[in-house]
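One structure below.
The values are calculated or read from the model by the stated rules, or taken from the named source; none is laboratory data. It should be emphasised that the depicted structure is a prediction, and the values quoted were computed from it without experimental measurement. As a convention, Cβ positions derive from the backbone with ideal geometry for all residues, glycine included, and neighbour counts pool all protein chains shown. Ligands, DNA and RNA are excluded from the accessible area calculation, which covers all protein heavy atoms including side chains. Shrake-Rupley method; radii C 1.70, N 1.55, O 1.52, S 1.80 Å.
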Amino acid sequence: MSEGPPKAGKSTRAVHSGEREHRDSSAVTTPIHLTSTFWFPDSREVIDYNEGRLKREEYGRYGNPTWKAVERKLSDLEGGEESVLFASGMCAATTTFLALLPQGSHLIVTDDCYRRTRQFIRQYLSRMGVETTVIEPADPAKLEAAIRDDTALFFTESPTNPFLRVIDVPEVVEIAHHRGVKVVIDSTFATPVNHRPLEEGADLVLHSATKYLGGHNDLLAGTISGPSEIVKPIRDAVGVLGGVIDSHAAWLLLRGLKTLSLRMQRHNENGLEVARWLEAHPKVARVWYPGLASHPDHETATRRMQGFAGVVTFEIETDFDGAVRFIDATRLFYQAPSFGGVETLIELPVTMSYWDVPREERLAMGITDSLVRLACGIEDAGDLIAELERALAAV
Ligand SMILES: *Cc1c(COP(=O)(O)O)cnc(C)c1O
């Protein structure tokens, strides 16, 4: 059974999908296949494999039964025909760009975009003559205006980081497909529990599985899912570029995925409760959370998503020193980059990923001195709020 039972719920699929195809033992859990290569009993089998008559593994860079189980589970959760695992989210993004962008083509991305993705576009894709236009998220008119005859891809996160802007996927898909442009959604902040972009017409969905899919702050991985026809050249590219996942990490991801739906339910509840509490606090100037009516994309988010996850971005009514006093007063939260694990993480974007961005440029992106990104884990909401209350008193 590679898919969950027909009409099964998200939790049932998260537990069962993908796992029952290993027949060599009766283990309930999929084994970790620690091997770099796979042997053939005779030359006939080698030839049958080469000619596509036999489906099996060959060499560790092209496939491993442990990662195949993860890929099947993901395909079922995302509603995609096929998925590919990578060593990291960045590897998923860079391999996808290299596989799908012809030399000298045009790419459109949104501005509130993962910093290293932007860096890859600037430093590396430009060498292939790929030109890039950056547009504001959630403005379909800007997308329409940016499309050229040589545009190959529109790539965006949804929700974006750190302001959690939400893309109306069917709307952008209609505009992009009309002009022959493929739509790739980085759905890391949503997960297939909260949003399924493939069902809304997106061509590919990408994840940093390091975040919610893995869910325990213990691994790095990336994934893409979509129709086999689009996924195939990307799978072939991994075999050449070599950014494959280790089978230990793949197994941890398989284990993490089984509780995805349960964990997301708690992340969704904690995010909403904490966002509401922060919005009512006199020392908090502004909160960005798609589940709040004050968020610019609240209407799109409630129409398209089933929950808004655990990341809450907010600005404290203070200066840089006050923000540092606040964050250093927190004890329960880990001050660390990343999000999506069971432990709550907190960071000041200014001291973390934006430290080396010139001040004027950073402020133009909305990254002020007192902006905080809180990634709620699955602890009890009351404890998260008590911790925030204590730390805000130190501002
Ligand atoms: C973390 C992240 C990435 C990069 O993923 P890694 O697994 O850290 O390589 C890409 N996109 C988004 C939205 C992310 O949050």
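What number, in percent, do you get for the relative contact order of region 260-392 if the mean sequence gap of Cα pairs under 8 Å and at least 6 apart is divided by its residue count?
28
Restricting attention to region 314-390, which trypsin sites (Lys or Arg not before Pro) occupy a DSSP loop and are surrounded by at most 14 other Cβ atoms within 10 Å?
Counting only loop positions with at most 14 other Cβ atoms within 10 Å, the trypsin sites (Lys or Arg not before Pro) in region 314-390 are Arg331.
For region 69-85, what does the Karplus curve 6.51 cos²θ - 1.76 cosθ + 1.60, with θ = phi - 60°, yield as ³J(HN,Hα) per residue in whole Hz, taken in order and with x for Gly and Pro?
For region 69-85, the Karplus curve yields 5, 5, 5, 5, 4, 5, 4, 5, 5, 8, x, x, 6, 8, 10, 10, 9 Hz.
Under the rule that an exposed site lies in a DSSP loop and has at most 12 other Cβ atoms within 10 Å, name the longest stretch of the chain with no chymotrypsin sites (Phe, Trp or Tyr not before Pro) of that kind, not counting the sites themselves.
Answer - 40-354.
Restricting to bridges with both residues inside region 260-392, how much of the DSSP beta-bridge set is antiparallel, in percent to the nearest 5?
85
Taking R0 as 35 Å, what FRET efficiency do you get between Thr351 and His216 from their Cβ-Cβ distance, rounded to the nearest 0.05?
The computed FRET efficiency comes out at 0.90.
Restricting to DSSP loop positions (anything but H, G, I, E, B) with no more than 15 other Cβ atoms inside 10 Å of their own Cβ, which trypsin sites (Lys or Arg not before Pro) remain in region 136-228?
Arg148, Arg179
In the neighborhood of Lys283, defined by Cβ-to-Cβ distances under 13 Å, what is the net charge if each Lys or Arg adds +1 and each Asp or Glu adds -1?
So the surrounding residues net to -2.
With only alpha-carbon pairs counted, each pair once and no self-pairs, how large is the Kirkwood hydrodynamic radius of the chain in angstroms?
21.9
Can you list the HN-Hα couplings for region 239-252, worked out from phi with the Karplus curve (6.51, -1.76, 1.60; θ = phi - 60°), rounded to whole Hz and with x for Gly and Pro?
Per residue, the Karplus-derived 3J(HN,Hα) values read x, 8, 7, x, x, 7, 7, 6, 5, 4, 5, 4, 5, 4 Hz.
Rounded to the nearest percent, how much of the accessible area of the chain (1.4 Å probe, protein heavy atoms only) is carbon and sulfur?
Reported share for carbon and sulfur atoms: 51 percent.
Calculate how many DSSP beta bridges within region 132-274 are antiparallel, expressed in % of all such bridges and rounded to the nearest 5.
35
With each label point set 7 Å from Cα along the Cα-Cβ vector, what nm distance links Phe40 and Glu131?
Result for the modelled spin labels: 4.8 nm.
All other residues with a Cβ under 12 Å from the Cβ of Gln103 taken together, and with Lys, Arg as +1 and Asp, Glu as -1, what is their net charge?
-1
Cut-off under 16 Å on the C-alpha distance; same-chain residues fewer than 8 positions from Lys73 excluded. Which aspartates and glutamates are left, in chain and number order?
Glu3, Glu19, Glu21, Glu81, Glu82
Which entries of Lys142/Lys211; Lys10/Lys182; Lys7/Lys258 have Cα-Cα distances beyond 19 Å here?
Listed pairs above 19 Å: Lys142/Lys211; Lys10/Lys182.
D for region 260-392, whole µm²/s, Stokes-Einstein with Kirkwood Rh over alpha-carbon pairs at 20 °C and 1.002 mPa s: what number?
For these conditions, the coefficient is 143 µm²/s.
Mind checking the per residue accessible area of the chain for me, 1.4 Å probe, whole number of Å²?
43
With a cut-off of 8 Å between alpha carbons and a minimum separation of six or more residues, what is the relative contact order of region 17-101 in percent?
30
What is the antiparallel percent of DSSP beta bridges lying wholly in the chain, to the nearest 5?
Close to 55 percent.
If you keep only loop residues by DSSP, which trypsin sites (Lys or Arg not before Pro) in region 1-106 have at most 15 other Cβ atoms within 10 Å of their Cβ?
Passing both the DSSP loop test and the Cβ count: Lys7, Arg20, Arg23, Arg53, Lys55, Arg56, Arg61.
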